[in-house]
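A quick write-up on the structure given underneath.
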Amino acid sequence: MQTILGANGQIATELARELNRAYTTELRLVSRNPRAVHETDELARADLMDADQTRAAVAGSEIVYFTAGLPADTDLWEAQFPTMLQNALDATRSAGAKFAYFDNTYMYPQDDRVQTEATPFAPVGRKGRVRARMATMVLDEITRGDIPVLIGRAPEFYGPGRTQGFTNSLIIDRIKAGKRPLVPVRDDTLRTLILTPDASRGLALLGNTPDAFGQTWHLPIDKNRLTYRAFVALAAATFGRDPDYTVLPAWTLRTAGAFSPSARELRELLPRYRVNNLFDATKFSTRFPQFQVTTYGEGLKQIRSESSPHAA
């Protein structure tokens, strides 16, 4: 049995698809209101803030994936995320299972250094500090050595379905709707983006590779990074839209944060849009040379196909 905690988000949905396709049909999907991805999925209702419910949901699992998310509310992150993760780790230890933690890069320095698995944490803002605390909890579990544990870390998302990320909300979704895309801060710095299905495929592969445990892994990316100028042009061409866009200066986004929750979330991350974002996944590509990374062009075509009224 492989179990996904926080099972309704886009990463979890794509993870369930990949696990079912390539590894096992014995999947348990856990959330407060879980939804099946396949007919064979086992659904378990649990509040990860409740240690007993979490332990019951994990019992009998061989591998546990933590992909839980929370709304963009800093107070909520601070109050709930570490407890949810601790309950998940404790439950996995009780079950004698393996633990795969899906992580992001909020805790990294927001400068132009190349980000590797050895990059030190230097969080900017409260959400970054929460993610640094959580990653440290998982690293401590790896050091403890009671159960096999790994971290799969992803840069900013773009992708199909309910993918949440600023590239989707400010650029792709607006292009799909025939609106002018909005670029945060600068259009000439290199961005590193990961397609959500690639992130989930990478996490599934790690979880089912015994020697991947005990380590942090950067999940696979298209190494041919684009500026937002180039990404918007590619997206506009893919959807047959006007390539014009608007660059939102940092001061505009800071001001908007007084009125918009999504803009408030972006304010904390503004420094990383001023410089090249150079997330490196060489470790993964070296260990798994057979893994086929989706190019930006192919990823945008997938999103267009999903959006088409003629798509299957």
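Counting only the backbone N, which residues of the stretch 52-89 are under 19 Å from the spot 7 Å out from the Cα of residue 177 toward its beta-carbon? Answer for the stretch 52-89: 72. Extension gain for the segment residue 209 to residue 306, taken as residue separation times 0.36 nm less the Cα-Cα distance, is 31.8 nm to one decimal.
Divided by 2.2 N^0.38 Å, where N counts the residues, the Cα radius of gyration of the stretch 180-226 comes to 1.56.
Taking only alpha carbon atoms, the stretch 113-195 gives an Rg to Rh ratio of 1.07, where Rh is the Kirkwood radius. For the chain, the relative contact order is 18 percent, taking Cα pairs closer than 8 Å that sit 6 or more residues apart in sequence and dividing their mean separation by the residue count.
Within 11 Å, Cβ to Cβ, of residue 62, how many net charges do the neighbouring residues add up to if Lys/Arg are +1 and Asp/Glu are -1? Net local charge, residue 62 excluded: +1. Between 0 and 90 degrees, the angle of helix 196-207 with respect to the longest Cα principal axis of the chain falls at about 30 degrees. Of all aspartates and glutamates in the structure, those lying under 15 Å Cα to Cα from residue 179, and not within fewer than 8 positions of it along the same chain, are 242, 244.
When every alpha-carbon pair in the stretch 71-112 is counted, what percent end up more than 16 Å apart? More than 16 Å apart: 54 percent of the Cα pairs in the stretch 71-112. Working note: Cα gyration tensor of the stretch 135-240, eigenvalues times five, square-rooted, sorted largest first, giving semi-axes of 34, 13, 12 Å.
Pairwise Cα distances in the stretch 6-45 exceed 14 Å in 34 percent of cases. Between helix 10-22 and the chain there is an angle of about 60 degrees, using the helix long axis and the longest principal axis of the Cα atoms.
Pairwise inverse Cα distances across the chain, averaged and inverted, put the Kirkwood hydrodynamic radius at 20.0 Å. Taking the alpha-carbon centroid of each part, what is the distance from the stretch 227-250 to the stretch 1-58 in angstrom? The two parts, judged by their Cα centres, are 36 Å apart. The lysines whose alpha-carbon is closer than 17 Å to the alpha-carbon of residue 301, local same-chain residues fewer than 8 away aside, are 176. Which lysines have a Cα less than 16 Å from the Cα of residue 223, not counting those fewer than 8 places away in the same chain? In chain and number order, the partners are 283. With respect to the chain, whose longest principal axis is taken over its alpha-carbon atoms, helix 126-144 is tilted by about 40°.
Here, each number is a calculation from the coordinates, and none is a lab measurement. Note that the structure is a prediction, hence the values are computed from the model and not measured. Counting neighbours? That spans all protein chains shown, and the Cβs are built from the backbone with ideal geometry, glycine included.
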